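Asker: Handing you this structure, nothing more for now.
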């Protein structure tokens with residue numbers, strides 16, 4: 001796991017303990033390991049070998065996503081590129097395992113032909129909200145929540161589109177909200193977005209006051225950043 005942290009000064013112990021992300025790495029690792037050994041993972045992984053499996057999120061990234069969702073405990077989640085529902089299933093499983101019965105996952109899918117969410121087990125569908133349409137159009141309307149706790153990008157991985165989605169949904173995230181992106185290795189969009197949330201003073205030293213994230217990192221092909229509202 002690649003961890004984001006100040007590189008020019010060492011945070012003192014009281015600052016670290018006060019951080020909202022202090023237990024992130026240990027807890028996400030624990031949850032990811034837990035789901036990787038589960039019957040749920042064994043059942044869902046079987047879809048990777050079926051028709052359409054090449055376009056699904058892989059097992060390691062699904063475990064990471066599950067771990068992040070359990071750590072975050074969101075009540076309002078939005079994902080783009082929902083496709084057959086592999087990522088959706090692991091988010092919904094995390095919500096269920098945390099007992100978040102009122103939480104909702106809004107899953108956006110542009111393709112009218114796609115069997116949106118087909119892989120999601122029946123017992124997890126109650127909190128699944130499928131939304132069909134182009135994200136560019138949906139963002140202008142009122143079908144999506146104005147405030148969210150977690151966002152997952154997994155639609156078009158074109159550089160400009162990724163940056164556009166990051167900016168649009170970052171604005172909707174609450175403080176401590178979690179922005180997650182799949183396939184961050186495709187281009188520099190995620191790295192550049194995170195860099196824009198990282199501030200330095202005139203001497204080039206990390207400026208915690210003006211930095212607009214609590215923490216960030218990458219694990220496998222998943223990148224994530226935790227928003228800090230100044």
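None of the figures in this text is laboratory data; all of them are computed from the coordinates on show. This is a predicted model, so every value here is computed, not measured. Cβ coordinates were reconstructed from backbone atoms using ideal geometry, including for glycine residues, and neighbour counts include every protein chain displayed.
Asker: Within 10 Å, count the other beta carbons around each residue, average over each peptide in 59-69, 171-181, 149-159, and list them highest first.
Answerer: On the way: 59-69: 25.5, 171-181: 19.5, 149-159: 21.1.
Top of the packing list down: 59-69, 149-159, 171-181.
Asker: Kindly express, to the nearest 10 degrees and within the range 0 to 90, the angle between helix 159-170's C-alpha long axis and the longest C-alpha principal axis of the chain.
Answerer: Approximately 80 degrees, to the nearest 10.
Asker: So for the pair residue 48, residue 118, with labels modelled 7 Å out along Cα→Cβ, what separation do we get in nm?
Answerer: Calculated label separation equals 2.0 nm.
Asker: If you stretched the chain out fully between residue 136 and residue 29, how much longer would it get, using 0.36 nm times the residue separation minus the C-alpha to C-alpha distance?
Answerer: Working: separation 107, 0.36 × 107 = 38.52 nm, distance 3.42 nm.
Length gained between residue 136 and residue 29: 35.1 nm.
Asker: Here's another thing I want to ask about it. Helix 24-36 sits at what angle to the longest principal axis of the chain, using alpha carbons and giving 0 to 90 degrees rounded to 10?
Answerer: With rounding to tens, the tilt is 20 degrees.
Asker: Report the label-to-label distance for residue 147 and residue 38 in nanometres (one decimal), using points 7 Å from each Cα along the Cα→Cβ vector.
Answerer: Inter-label distance under the simple model: 2.9 nm.
Asker: Can you tell me the relative contact order of segment 156-196? Whole percent, Cα pairs under 8 Å, sequence separation 6 or more.
Answerer: This gives 50 percent for segment 156-196.
Asker: Rounded to the nearest 0.05, what FRET efficiency do residue 192 and residue 212 give with R0 = 22 Å and r taken as the Cβ-Cβ distance? Could you check?
Answerer: On the way: r = 14 Å, r/R0 = 0.65.
Result of the calculation: an efficiency of 0.95.
Asker: Please find the FRET efficiency linking residue 205 to residue 230, where r is the Cβ-Cβ separation and R0 is fixed at 25 Å, and quote it to the nearest 0.05.
Answerer: After rounding to 0.05, the efficiency reads 0.90.
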